[in-house]
Amino acid sequence: MAECILVLDAGTTSTRAMVFGRDGKLASVAQAELTQHYPRPGWVEHDAEEIWQKTLSCMREAVGEEGAEDIAAIGITNQRETVVAWDRGTGVPLARAIVWQDRRTADFCAALKEAGHEPLVQEKTGLLLDPYFSGTKMRWLLDNDAGVKAAAADGSLAFGTIESWLVFRLTGGVHISDASNASRTLLLPLEGADFDEELCELFGVPRAALPRVVDTHGPLAEAGAEWLGRTIPICGLVGDQQSATIGQGCLSFGETKATYGTGAFVLTNKGAKVPRSEHRLLGTVLCQGKGKRTYALEGACFVAGSLIQYLRDQLGLIGSAAETEDLARSIEDSGEVVIVPALAGLGAPHWKPDARGVISGLSFASGRAQIARAALEAMAHQTHDLAQAFAADGAAWTRLKIDGGMSANDWMAQDLANILDLEVERPDFVETTALGAAMCAAVGAGLHPDLPAAADAMRGNAACFAPDMDEEVRKARLARYARALSAA
């Protein structure tokens, strides 16, 4: 009996294929970087065909020549909010994908706010009017791309987020989106089973171009035999941040995780109750099985690991991300250097799309080490802003589970515990985004009866970091960050 899960993890900077056993052990992995396109300041694009081709190559490499017989199901997790437009007849992309980080629709969002539409949008979807979300990107493509406009006119247009795009290609034409990704479009009510006609009309998105909304786990579709030599059921679809929450085992009310990848994303499980925020946090679908939803409260910071990448690739201050930990430990403090990493605007709880990054406190004593340490400290500062907003919404954290590539940095993990003044837990296997998709697919394929059982079987051990910072030092750090934030 096949008992392995093939996970396709379509991230922002790379795409991966990973094979997991039903016990959660990683058997193989293949990864390929994705080209980042920045045609104008604030614009970020991907080539959807490149995403598909590299995903296909990775899945074949990870499975190997004989491995497909052991694959019970496919799970897909993905960068959320990124929009692909394609021709539903040919499967050919009509334009570059607009990435979640893209800010080109800021003016459109501002106009909708000015017209008084945000309360309706927030009440229905749990989201705010910000370029981050998918609906305004769809509208921009309809208004500005001739191919997309023509396809909408003749009924051949298909819109989707990345999991929807990959399923379409894997299946040869099935057009679906899971509830966790659909809840990020501005078009799906948190309490509605399908996309909302009133919201589609508000954003000017044709309902006919949108996918069918399905569960995050269950028998959802079937990948064609031409890809791996046999048909394989697709049994898990889940947005990356929801997937990491599941992978961390945050399946009970109040449990909280933070993922530090390209951005930083915090989700708190809110159970079956639709979350409502008074402090600029987001309500979202965590998962859905057999039509029954579990919700989460979310805060998102747009820049985390991408700040370290910026120091490496744009400024040339470091040769690798791993250098930052040694640099941070080489000095006693940052020498009052503070970074506000608003390189793509500010996310929750500020929601300032026009904000720009700030480095303050520079002196002749400031060098590579001070800037690298300030970049790591920025992770804790941003997370502290979110912690205050969650507490104000009645969802104070008692412990924080962390994951993602940056969380492997021990210095940063300890700094989080110090600034948040609470225990931080990090699993030994930090790639919980892929693990969560594996759990969803395992449940969908019947390898485990439900998500809690999958978490018990598949989630490994964890390390804990306890706060250990003088309170006056902590207050001074936060005060310096607040001053720098006001300049952003």
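What follows draws every value from the coordinates through simple rules; no lab data is involved. Model, not experiment: these values are computed from the prediction. Positions of Cβ are generated from backbone atoms using ideal geometry, with glycine treated the same way; all protein chains shown enter the neighbour counts.
Among the listed pairs Lys124/Lys257; Lys257/Lys352; Lys137/Lys352; Lys149/Lys352; Lys137/Lys401; Lys113/Lys352, give every one whose C-alpha distance is greater than 22 Å. The partial results should precede the final answer.
Numbers: Lys124/Lys257 25 Å; Lys257/Lys352 24 Å; Lys137/Lys352 18 Å; Lys149/Lys352 30 Å; Lys137/Lys401 32 Å; Lys113/Lys352 13 Å.
Check vs 22 Å cut-off fails for Lys124/Lys257; Lys257/Lys352; Lys149/Lys352; Lys137/Lys401.
Could you estimate the translational diffusion coefficient of segment 189-277 from the Stokes-Einstein equation, with Rh from the Kirkwood formula over C-alpha pairs, at 10 °C and 1.306 mPa s, in whole µm²/s? Could the numbers behind the result be given before it?
Values: Rh = 16.1 Å.
The calculation lands on 98 µm²/s.
Could you calculate the FRET efficiency of Ser252 with Asp421 from 1/(1 + (r/R0)^6), where r is the beta carbon distance between them and R0 is 25 Å, rounded to 0.05? Walk me through the numbers on the way to the answer.
Values: r = 23 Å, r/R0 = 0.92.
After rounding, the FRET efficiency stands at 0.60.
Taking 0.36 nm per residue of sequence separation and removing the Cα-Cα distance, the Ala396/Ser57 pair yields an extension gain of 117.7 nm.
Stretched out straight at 0.36 nm per residue, the stretch from Arg276 to Gln388 would grow longer than its current Cα-Cα span by 38.7 nm. Here the calculated FRET efficiency for Ala322 and Asp354, from their Cβ-Cβ distance with R0 = 30 Å, stands at 0.35, rounded to the nearest 0.05.
Here Asp107 and Gln314 are evaluated by their C-beta separation; at R0 = 22 Å the FRET efficiency comes out at 0.25.
Between Trp100, Gln288, Leu376, the Cα set farthest toward the positive side of the dipole of the chain (charges on each charged residue's Cβ, about the Cα centre) is that of Trp100.
Could you pull out which residues in segment 318-357 have an amide N less than 13 Å from a spot 7 Å beyond the Cα of Asp470, following the Cα-Cβ vector? Under 13 Å, as judged by backbone N against the label point of Asp470, lie 333 of segment 318-357.
Taking 7 Å steps out from each Cα toward its Cβ at Tyr38 and Leu478 produces label points 3.3 nm apart. Structural descriptor for the chain: relative contact order 15 percent, calculated from alpha carbon pairs under 8 angstrom and at least 6 residues apart. Once the Kirkwood radius over Cα pairs is known for segment 268-375, the Stokes-Einstein relation at 20 °C and 1.002 mPa s delivers a diffusion coefficient of 132 µm²/s.
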